[in-house]
6 protein chains.
Amino acid sequence: MTRGFYIGRFQPFHNGHRNMVEQIADDVDELVLGIGSADDSHTTRNPFTAGERIMMITKSLVDFDIVTYAVPIEDLERNSVWVSHVQSMSPDFDIAYSNNPLVIQLFREAGIDVRQSPMFNREVLEGTEVRERMITDGEWEPLVPEAVVEIVDEIGGIERLQMISGSDSNGE
Amino acid sequence: MTRGFYIGRFQPFHNGHRNMVEQIADDVDELVLGIGSADDSHTTRNPFTAGERIMMITKSLVDFDIVTYAVPIEDLERNSVWVSHVQSMSPDFDIAYSNNPLVIQLFREAGIDVRQSPMFNREVLEGTEVRERMITDGEWEPLVPEAVVEIVDEIGGIERLQMISGSDSNGE
Amino acid sequence: MTRGFYIGRFQPFHNGHRNMVEQIADDVDELVLGIGSADDSHTTRNPFTAGERIMMITKSLVDFDIVTYAVPIEDLERNSVWVSHVQSMSPDFDIAYSNNPLVIQLFREAGIDVRQSPMFNREVLEGTEVRERMITDGEWEPLVPEAVVEIVDEIGGIERLQMISGSDSNGE
Amino acid sequence: MTRGFYIGRFQPFHNGHRNMVEQIADDVDELVLGIGSADDSHTTRNPFTAGERIMMITKSLVDFDIVTYAVPIEDLERNSVWVSHVQSMSPDFDIAYSNNPLVIQLFREAGIDVRQSPMFNREVLEGTEVRERMITDGEWEPLVPEAVVEIVDEIGGIERLQMISGSDSNGE
Amino acid sequence: MTRGFYIGRFQPFHNGHRNMVEQIADDVDELVLGIGSADDSHTTRNPFTAGERIMMITKSLVDFDIVTYAVPIEDLERNSVWVSHVQSMSPDFDIAYSNNPLVIQLFREAGIDVRQSPMFNREVLEGTEVRERMITDGEWEPLVPEAVVEIVDEIGGIERLQMISGSDSNGE
Amino acid sequence: MTRGFYIGRFQPFHNGHRNMVEQIADDVDELVLGIGSADDSHTTRNPFTAGERIMMITKSLVDFDIVTYAVPIEDLERNSVWVSHVQSMSPDFDIAYSNNPLVIQLFREAGIDVRQSPMFNREVLEGTEVRERMITDGEWEPLVPEAVVEIVDEIGGIERLQMISGSDSNGE
């Protein structure tokens, strides 16, 4: 049995993420999706809560054959203990998937096998693109799984993102 | 669609927990299992990491009909914001299940419907009992689902618990 | 102009505290009441939130001649920086009032004038006594200012304290 | 009895803030002034400590008819629990006043009545303007209440702000 | 070149610790002394600051032949990341020395070689004994290196410990 | 006996730092080197861990006549308690050395003697210059003590810095 670990912020979970999972599914029997910056929400860069992102991931992957786990990972703000933090929060895994240079470096220094994919970069771009379209009333729906459209609607996600995009701080 | 929230530390997930889930399954379509004190591990009271507990829960409930989510909840050490913290980490829920007086009070002050069950108390006793038997080489296996026996074996859980039960602090 | 600083947890603000303020009022023109453990609430030892305690203090001292400030002080869990923390949160003060040995030692090491009073000990005893009577449906009302009785009633304080007194932890 | 909550950083408390309080005073009997980023100080954006800001607010509002509370609110860096945090630190309130989009969104999601005012924007601009003039030896005194001028002088506020405006970090 | 790591709280550094260092010096070329609970001070269990303990260790070991490093390790309150935290704060080491069961277990799970010594237990007892004698005006001086006697005198350590031993908390 | 305190991030320790220590050595008998942002690592601005920086400092100063201490100082993110934090982590000192305006202001408000030097600015520039050359395969070796070259090589520091310089965040 092989288990993979795929870290992202999933703000929101979009088609690029789903494609990545499809690709990874060829390598592993089970896949943990680590939801990074889990404690952040209501910002332009991280609009959705961890709970909302768990829903997006779980509902989007319901028809996939591999077993998946959606696990929130709160920020620790300490790169030197980040891998241990991830390992304590996640079911044990054999391979990490990431294209982020810092993540790759941290996993490597800890002796963990990391695999990259050309797809990752596209995925990052898509996250920004989806949020941008949400803010500007653009066509964001085609970029995400149908389940995500439903969840964003239910929680008033577009209104939230449009509201907070005019703001940078608490108070004054 | 009704979703329930059931908070516990699940150290480890045992038959009392599984029975509770069975009972709750009559009320709800989906159930979130909130793993309390997720950031604690390697103590007599909290021997297992959040990741290990996610595995125990998921593998033990694999045959249940309702959709379940296992969500780690890190301690915030602030009762006044605890409910908001839980709500941000968990998929949205309609009913909370607990027999812990503090948890009940906090949910009630936040206007959330809480249900109690006589079963909860038995469950608390069983958690302590299971750990006690693990430490003293007693018969703990009959008290937990088979999947939990396998996971505890794989991670060397008995050795870990027996080792740390002779210790109270880091250093000196 | 002389300003005093009087630290307590004020759980709740009771007649012993009010008497202390009366006594201190002979020494100073203005008095800061530092509300310790401001971030703690909903425990047997710290049942009330900082906001509730600000109300109790302000309403109880409304007829006093000296200017008073009620300032929440969150716990930092670091004795070595505690005095600096207090100084940054409070209007500047000339004299600190406390009978707590640790507080006296910390202020003294920082070169701040601290005054003790035999009254303080009585006051500590009264805090525990008031909470004990609240839990056991005893006669707590005569031990606190009238304004505190009203506030405790409004917020359902007795029910809260009685509920949580049966509990020690979140979850399980 | 109606109580309002008005959040700001008050760095420093200036005439725009005082005008806002005057306007809000028509709606409410009591007003809580929540001092945001209370734990921040000695930066160009947040030069004054919470204690200094409490003094500025209290001394500036001493002749106002409504009861006011100046309450420091430390940053929690978690938008999802921010409203609960504010509620635990503040006397209970009925209406929140803010023009900050994030604050409005957070209060609204928590079901709290928020009121905006065209005056708020002017106020934000004035905060930056006052600090800019302090740094460049400009005419900042006409923009703040007289009590604030006195406090800034007493604490050596201009010298502090001018000194730190040449710096971005601790160390190296 | 072999480097060892020896963790303790060193409250204070006493003859038992010095003997341990002597014994370890046979195995290694360099030794890191990790000062646990570095952020704690002014309590009966942890009376001295990290800075004071660095002085005690450095002055007591000045005549030893091996190179030593005294490194403060702040508590993280998370056993699962504790080893990574220690590794990031300390010069790289080959062997860890401890008799504490939790510390041994954590290092072992991280694949680090840990050595125990019968001497360790005696050492723990001595720490408590030294502090007890300091509080009760007993003969503590023979239990610690001469340099420690001087440092404790200079900082008023006996007065501090005697004062705080009558206290359990900040405030009330 | 006079002891100085010199704060820096030492990312890495370079010739500018060593020259500063030489200069300070004329004033003091002992010198504490406070390693700022000790908990930060694996970023472009703070590539090396505290433990790695302790090694660099200790090995580079081994031939100096004055006694030196290399003490990691974790960030507290609270300017108002920063001096107390430093004082608790460091052996007691008489003079602080810094050219950073914020650091100077904080020490001065705490009544501590601070000395500046024209050399400091050069030193800051050199830190950035060294890291820039490390990233771009430039000639960084002549800018640092020989011991630092060895340590950077041993830990794979150039590879680490080049890797992470392409990254800004964990995840996505």
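For the Cα atoms of chain A, what angle does the longest principal axis make with the long axis of helix A:15-24, in degrees from 0 to 90, nearest 10?
Roughly 10 degrees between the two axes.
Using unit Cβ charges (K, R positive; D, E negative) and no other charged atoms, how large, in debye to the nearest 20, is the dipole of the protein assembly as shown about its Cα centre? Could the numbers behind the result be given before it?
Numbers: 78 positive and 186 negative charges, 0 e Å.
Approximately 0 debye in magnitude.
On a 0 to 90° scale, report how tilted helix C:119-135 is relative to the longest principal axis of chain C, with both axes built from alpha carbons and the result rounded to the nearest 10.
It is inclined by approximately 20 degrees.
If a/c stays under 1.5 just call it rounded; otherwise compare a/b with b/c (prolate if a/b is bigger, oblate if not). Do that for the stretch A:35-80, with a ≥ b ≥ c from the square roots of the Cα gyration tensor eigenvalues.
Values: a/c = 3.49, a/b = 1.58, b/c = 2.21.
Taking the square roots of the gyration eigenvalues as a ≥ b ≥ c, the stretch A:35-80 is oblate.
Would you kindly work out, in nm and rounded to one decimal, the distances from the label point of E:Asp92 to those of the same position in each other copy, ordered shortest first, with label points 7 Å along Cα-to-Cβ?
Label-point distances to the other copies, shortest first: 2.8, 3.9, 5.2, 5.2, 6.1 nm.
Quick one: which residues, 5 or more positions from C:Val67 or on another chain, have an amide H under 5 Å from its amide H? H modelled 1.01 Å from N in the peptide plane, none for Pro or chain starts.
For C:Val67, the qualifying residues are C:Leu31.
For helix F:50-60, what angle does its Cα long axis make with the longest principal axis of chain F, in degrees from 0 to 90 and rounded to 10?
On a 0 to 90 degree scale, this one is about 80.
Can you give me the Kirkwood hydrodynamic radius for the stretch E:58-109, using every pair of distinct Cα atoms, in Å to one decimal?
Roughly 12.8 Å, rounded to one decimal.
Hey, rough spin-label estimate for F:Asp65 and D:Glu132, points 7 angstrom out along Cα→Cβ, what's it come to in nanometres?
5.4 nm
For chain C, what is the charge dipole size about the Cα centre, in debye to the nearest 20, if Lys and Arg each add +1 at the Cβ and Asp and Glu each add -1 at the Cβ? Walk me through the intermediate numbers first.
On the way: 13 positive and 31 negative charges, 85 e Å.
Dipole size: approximately 400 debye.
Where the label is 7 Å out from Cα toward Cβ, how close does B:Met1 come to the same position in every other copy, in nm, shortest first?
2.8, 4.5, 6.0, 6.0, 7.0
Within 10 Å of each Cβ in peptide C:26-39, how many partner chain Cβ atoms are there on average? Round it to a whole number, please.
Mean partner shielding for this stretch: 2.
What net charge do the residues around B:Gly138 carry, taking every other residue with its C-beta under 11 Å from that of B:Gly138, with Lys and Arg at +1 and Asp and Glu at -1?
-3
Give the distance, in whole Å, between the Cα centre of the stretch A:1-34 and the Cα centre of the stretch B:100-117.
One Cα centre to the other: 36 Å.
Need the list of lysines near F:Lys59 for cross-linking: C-alpha distance under 24 angstrom, and skip anything on the same chain fewer than eight residues off.
E:Lys59
Counting only residues 5 or more places away or on other chains, whose amide H sits under 5 Å from the amide H of F:Leu76 once H atoms are built in the peptide plane?
none
Give me the three principal axis extents of chain B from the C-alpha atoms, as integers in angstrom, largest value leading.
Here the spans come out as 44, 39, 26 Å, largest first.
Can you tell me the Rg and the Dmax, both Å, for the Cα atoms in the stretch D:5-83?
My reading of the Cα-based Rg and Dmax gives 12.7, 37 Å.
For peptide B:87-96, how many partner chain Cβ atoms fall within 10 Å of a residue's Cβ, on average?
What the average comes to for B:87-96 is 6.
Tabulate in residue order the Karplus-calculated ³J(HN,Hα) for the stretch E:161-166, using 6.51 cos²θ - 1.76 cosθ + 1.60 with θ = phi - 60°, rounded to whole Hz; enter x for Gly and Pro.
5, 5, 5, 6, 5, x
Measuring from a point 7 Å out along Cα→Cβ, what nm distances, shortest first, does F:Asp27 have to its partners in the other copies?
3.9, 4.3, 5.5, 5.5, 6.8
Considering every residue in C:100-110, what mean count of other chain Cβ atoms within 10 Å of its Cβ is obtained?
6
Evaluate Rg over Rh across the protein assembly as shown, taking Cα atoms for both radii and Kirkwood's formula for Rh.
For the protein assembly as shown, the value is 0.95.
Each reported figure results from applying straightforward, stated rules to the coordinates on display, with no laboratory input. Predicted, not measured: the structure shown is a model, and the values here were computed from it. Backbone-built Cβ (ideal geometry, glycine too); neighbour counts: all protein chains shown.
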